[in-house]
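Input: a single structure, listed below in structure tokens.
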Amino acid sequence: MELHWRKSSFSADTGSCIEIAEQGDRIFLREGDDPEVVVQTTRRKLRAFLEGAKAGEFDRFAT
């Protein structure tokens, strides 16, 4: 399976990037510096996570 990986322009060349790819309803995530480890989820679950992140539900993990 060949995936087209994309990363945020906000990560620039910092080495701190998460890459994302899609195939059908499946979403794949990986760290740019460790591309062998891939996590997959669904669009619905990713949407729920992103909405929670935008609402600040995970801010305590960033401190």
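Which GluC sites (Glu not before Pro) in the chain pass both tests, a DSSP loop state and at most 13 other beta-carbon atoms within 10 Å? Let's see the in-between values first.
Values: sites: E2, E19, E22, E31, E36, E51, E57; in loops: E2, E57.
Sites meeting the loop and neighbour criteria: E2, E57.
Ordered by residue, what ³J(HN,Hα) values in Hz, to whole numbers, does region 50-63 give under the Karplus form 6.51 cos²θ - 1.76 cosθ + 1.60, where θ = phi - 60° and Gly and Pro are x?
5, 5, x, 5, 5, 7, x, 4, 10, 4, 5, 6, 8, 9
Once you place label points 7 Å from the Cα toward the Cβ at V37 and Q23, how far apart are they in nm?
Inter-label distance under the simple model: 2.1 nm.
Once you list every other residue whose beta carbon is under 15 Å from the beta carbon of D25, what net charge do they have if Lys and Arg are +1 and Asp and Glu are -1?
Neighbour charge sum, excluding D25 itself: +4.
So what is the diffusion coefficient of the chain in µm² per second by Stokes-Einstein at 4 °C and 1.567 mPa s, using a Kirkwood Rh over Cα pairs? Don't jump to the answer; show the numbers that get you there.
Numbers: Rh = 12.9 Å.
Translational diffusion coefficient: 100 µm²/s.
Under a Cβ-only charge scheme (Lys and Arg +1, Asp and Glu -1), can you give me the dipole magnitude of the chain about the Cα centre, in debye to the nearest 20?
Taking the Cα centre of the chain as origin, the dipole is about 380 debye.
Readers should treat all values here as calculations from the given coordinates under stated rules, not as data from a laboratory. These figures come from a predicted structure and were not determined experimentally. Don't worry about glycine lacking a Cβ; one is built from the backbone with ideal geometry, like all the others, and counts go over all protein chains shown.
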